[in-house]
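The structure under discussion appears below in the form of C-alpha cells.
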C-alpha cells in the first residue's frame, strides 16, 4: 500500500535556524500518528509543512502521490483541493475563528464548496457537525465570546465540516480541563475508527498511547529520535 | 457521544473552482515582511562592520544632528556634503536593506517634488530641488538608522536624550505587541488560507473579521497586561537601571559629529 503522506529527508530552517533536519516519514491512510518531543524540537514546523504552509528546503513531500512544493500550490485549484483534503486545527483556536457567529464559522468551508454542495447539504453538514460536537447552544453566539474549551470545539467543528481526509491537530489538549480532555480524546478515537487519518502533536503521554498507532519522538537536534 | 454522520466517513469528491484570492497571500507576505523587520535579529550588523559600529544613542544623536543641521542650512553645499556622507554609509548596507532604504528615501523625495511642483511655475525652481534633497537626506538617514540598529536598541537610545523611562517603556511595549499581534494576524491569515478551499463570495467579510478580531485581541491583551502590571506592584512609575557605558568607537563618532558642526558653521 502506498503511503498517503511521504516525507523524504525533509529539512527546513527559519532564517538560518534549523527547525527540521532530514525527516523521513511515511503516514498511511487511516493511521493515527502522534508526534512527541520537547518544546522547540520542530513538531509544529512539521505540522505546518504537512499542511503546505511552508515547504521543504531540502528533500521532498508527497501527498497521495503528488509532490507538494511551492510551485504545485501556486496553482490555486491544486492548492484548494489539497487544503480540502488536509484540515489543520491550530493550537490556539482564537486564530482560526473570524466569522460573526459559530454557525457561520462552521458553514464557511462547505459554503465555498458550493460547486459540489447544495444549500440544503451545507445546512445539513453544519447541523450534523453542531450535533456531533454537542454545541447546539453555541450556534448563534459570537466565537470570540466563548470559553477556551468551547473555542476548541468550534475550531474543530469548522475543520470537520469540510470533511478532510487528514486531520492535523497541534496540541489539541492544551488549555482544556480534564473533562474536555477526556471528551476530545474519545472524539478523536471515534474519528480514527471512522477511517480518518490523524496527525497529532501532543505532550500528553496518555493521549499518545491511547490514540497513536505509531508515536514519533523528535529530539532537540530537530530529527526523528525513534518511532514506537 | 453522538455518532459520526455518514458523509464524514466518505472521501470527498470535490473539484474546486477558480477564485481570485491573491489578496490573502499578499496580506500574509506583507505582514510577515513587517514582522521580520521588527524581530530583533535584524538591525544589528554582523562581521567586520560591527566592530566599527557606534552604539545606538550615538547613531540616533548623529542622525538627528544631521537632519537638524541640514534643515537649518541655507548652503546647498552642506546638503550635498551630507548627502555624500549618507550615500557612502548606505554602500555598507546589505543587498536586502539597501533597496528598502533607498526606495523609501526616493519615494519621499519624489512625493515632495510633486507637492512643490507649483513652486517651479511660480518662479522658484530651486525650492523644489532643495526641499526634495533634504527630504531624501532625512528619510534616508532614518531608514539607515532603522536598518542598522535593532528596535530595542533605538528605544534604549532615547534615554540618552533624557526621555522619561515610562515613555521608553511604552515604546518597548508597543513594539512587543506589534510583533505579538502580527504573529496572530499571520496565523489567522494562514487559517483563512487553509479554509479557503473554493469560491469565497465574501472575502471582504473574512478579512474584516480578522481585523476585528485583532482589535478585540489587542484590547483584551492590554487589559490583561494592565492587570498583570498592577499585580506586580506597578503604580505608574518606572525606572530602568543605569545606561550602558558607551564604546570607544563612539568617541570617534563624536569627533565626526564635531566636524559636521564645524562644517555647518564654516559654510
Checklist outcome for this item: With R₀ set to 51 angstrom, the calculated FRET efficiency between the beta-carbons of residue B:129 and residue B:166, to the nearest 0.05, is 0.75
Checklist entry - How many percent of all Cα-Cα pairs in the range B:86-127 sit more than 14 Å apart? => result 59 percent
Item to check | Computed [θ] at 222 nm, helices only, for chain A once each DSSP H run of length n ≥ 4 contributes -39500 (n - 2.57) | outcome: -11000 deg cm²/dmol
Item to check | Long-range Cα-Cα pairs in the protein assembly as shown (distance over 30 Å), rounded percent | outcome: 58 percent
Checklist outcome for this item: Taking only the alpha-carbon positions of the range A:8-115 as identical scatterers, the Debye log10 I(q)/I(0) at q = 0.12, 0.15 Å⁻¹ comes out as -0.51, -0.78
Checklist entry - Can you give the average number of partner chain beta-carbon atoms within 10 Å of each beta-carbon in peptide A:79-90, as a whole number? => result 5
Checklist entry - What do you get for Rg/Rh over the range A:92-169 if you use C-alpha atoms and the Kirkwood form of Rh? => result 0.94
Checklist entry - Taking every pair of alpha-carbon atoms in chain A, what share in percent sits in each 10 Å bin, from 0 to the bin with the longest distance? => result 8, 32, 36, 20, 3, 0
Checklist entry - Quick one: Cα centre-to-centre distance for the range B:53-93 and the range A:213-227, in angstrom? => result 54 Å
Checklist entry - In angstroms, what radius of gyration and Dmax does the range A:94-228 have, counting Cα atoms only? => result 16.1, 51
Checklist entry - Out of A:44, A:201, A:116, any idea which swings most in a Gaussian network model of chain A, alpha carbons joined below 10 Å? => result A:116
Checklist entry - Taking the Cα atoms of the range B:82-189 alone, what are Rg (to one decimal) and Dmax (as a whole number) in Å? => result 18.0, 55
Item to check | Cα centroid separation - the range A:17-35 against the range B:96-139, whole Å | outcome: 54 Å
Item to check | At 0.692 mPa s and 37 °C, Stokes D of the range B:110-267 from Kirkwood alpha-carbon radius, µm² per second | outcome: 155 µm²/s
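Taken together, the values in this text are just the output of simple stated rules run on the coordinates, not laboratory data. Owing to the predicted nature of the structure, the values given are computational and were not obtained by experimental measurement. Positions of Cβ are generated from backbone atoms using ideal geometry, with glycine treated the same way; all protein chains shown enter the neighbour counts.
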